Amino acid sequence: MNQGIKVFVYGTLLKGQSNHRLLHRALAGPVAAEVWGYALYQVTPAYPGAVPDEAGKIKGEIYWVDEELLRELDELEDYDPDTHSGLYIRQKTRTVDQQEVYIYVWTGPVRQEWEVPYEQQPWHSDWAGDQNPGTGN
């Protein structure tokens, strides 16, 4: 599984979630993983976002993708690799077991009450219905 580009996913791209269909063409995965240095927030009623947080930790999955699928993921996440801007930005990070992966990081505002506690991860679409999530605005 060392071929391809490793992408860490934590929201609607997770297995069983609404955008997972895009990852059916992944070269490999899913592999359960965790990353340090980010906290997870319910940034809209429909999806979460990872935000840098030194004390944070997020549960998710790793997929190995090719360049074409990475471009599709960038489009889904509203990320422009040419300007390194968008609703999310794609950054390199490391999992707790030191695998280098890409993660999509939320660029919008968050409120503390929108945080998805580590104990309630990995994120699932029902989580939003159980909470009072943000609007992303």
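The values are calculated or read from the model by the stated rules, or taken from the named source; none is laboratory data. What you are looking at is a predicted structure, and each value in this text was computed from that prediction instead of being measured. Please note: Cβ atoms are built from the backbone with ideal geometry, for glycine as well, and neighbour counts cover all protein chains shown.
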Quick one: which residue in G56, G11, G29, G16 is part of a loop (DSSP other than H, G, I, E, B), more than 13 Å from the chain's Cα centre (by Cα) and either buried (at least 16 other Cβ atoms within 10 Å of the Cβ) or at positive phi (or both)? G16
When the stretch 88-137 is checked residue by residue, the ones that are part of a helix (DSSP H, G or I) and modelled with pLDDT under 85 are S125, D126, W127, A128, G129, D130
If I ask for residues that are at negative phi and either in a strand (DSSP E or B) or within 13 Å of the chain's Cα centre (by Cα) (or both), which ones from the stretch 76-87 would you list? L76, E77, Y79, D80, S85, L87
Subset of the stretch 41-85, residues under 19 Å from Q98 (Cβ atoms) and charged (D, E, K, R), comes to E54, K57, K59, E61
Looking at (1) polar (S, T, N, Q); (2) modelled with pLDDT of 95 or more; (3) touching a Ser or Thr at 6+ places or on another chain (Cβ under 8 Å), which is the only condition T44 fails? (2)
Failed condition for P45, given (1) over 29 Å from E113 (Cβ atoms); (2) not in a helix (DSSP H, G or I); (3) not hydrophobic (A, V, I, L, M, F, W, C), with all others met? (1)
Single residue of L70, L23, L40 found to be part of a strand (DSSP E or B) and not polar (S, T, N, Q): L40
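Condition check ((1) free of Cβ contacts under 8 Å to residues at least 24 places away in the same chain; (2) within 17 Å of R90 (Cα to Cα); (3) touching a Leu at 6+ places or on another chain (Cβ under 6 Å)) across all residues:
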residue	(1), (2), (3)
K15	no, no, no
L27	no, no, no
A55	yes, no, no
Y63	no, yes, yes
E67	no, yes, no
L70	no, yes, no
Lone qualifier among L73, L69 - being buried (at least 18 other Cβ atoms within 10 Å of the Cβ), within 14 Å of the chain's Cα centre (by Cα), at pLDDT 95 or above and not aromatic (F, W, Y): L73
Could you please let me know if V35 is touching a residue at least 24 places away in the same chain (Cβ under 8 Å), assigned to a strand (DSSP E or B) and over 12 Å from the mean Cα position of the chain (by Cα)? no
Scanning the stretch 76-91 for residues that are charged (D, E, K, R) and surrounded by fewer than 18 Cβ atoms within 10 Å (Cβ to Cβ), which turns out nearest to V43 (Cα to Cα)? D78
Single match in R94, R111 (criterion: within 22 Å of Q42 (Cβ to Cβ) and more than 13 Å from the chain's Cα centre (by Cα)): R111
